[in-house]
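Remarks on the structure that follows.
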Amino acid sequence: NGSIRSMKTTYLVYAMTFTECEARLTKELADVLKEFTMQTCKRSNISEVVSYGDTPKWFKCKITYTSASDDGESAKKITNYILVNADNVEDADERLKEHLSNMQVPYEVPSIMESKISEVMEYEKTTGNE
């Protein structure tokens with residue numbers, strides 16, 4: 001009906017700096033939205049993204065495993081977060097297990113939660129010709 005409405009959207013952007021993040025978002029969204037404001041930009045604890053590209057939903061999966069130290073005496077508990085593209089929690093769990101099938105150490109999946117992330121902007125290597 002032509003009215004303006006306010007909405008919040010969360011993006012995951014591969015960037016080295018906050019400035020690069022803001023520049024990439026501005027470049028991507030300028031063609032789609034007439035006006036927008038970036039309210040916050042912060043680091044994410046997500047270490048990997050598993051994208052199938054078949055659904056707009058993203059699930060944040062927490063995995064934990066134990067890593068032995070070089071001295072052989074102390075073990076260290078490691079926690080990683082992996083973002084998985086899936087339709088539901090069961091599908092995310094299945095895709096996560098498939099992704100981790102070659103992992104050599106035993107791991108646990110304490111939680112899988114639907115994420116507020118609506119889009120992932122992968123890192124794009126520039127050729128220097130731009």
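Remarks
- Wholly enclosed strands (runs of 3 or more DSSP E) of the stretch 1-112 bearing at least 1 residues surrounded by 10 or more Cβ atoms within 10 Å (Cβ to Cβ) and without any contact (Cβ under 8 Å) to a residue 24 or more places away in the chain: 58-68, 75-85
- Filter result for Thr79 (at pLDDT below 95 and of a type outside the set (A, V, I, L, M, F, W, C)): no
- The single condition among (1) over 12 Å from the mean Cα position of the chain (by Cα); (2) modelled with pLDDT under 95 that Pro110 does not satisfy is (2).
- Hits in the stretch 97-123 - residues which are under 28 Å from Ala68 (Cα atoms) and hydrophobic (A, V, I, L, M, F, W, C): Leu100, Met103, Val105, Val109, Ile112
- The single condition from (1) exposed (fewer than 12 other Cβ atoms within 10 Å of the Cβ); (2) modelled with pLDDT under 95; (3) not hydrophobic (A, V, I, L, M, F, W, C) that Ser118 fails is (1).
The values are calculated or read from the model by the stated rules, or taken from the named source; none is laboratory data. Predicted model only: the values in this text are computed from it and were never measured. All Cβ positions, even for glycine, are placed from backbone atoms using ideal geometry, and neighbour counts span all protein chains on display.
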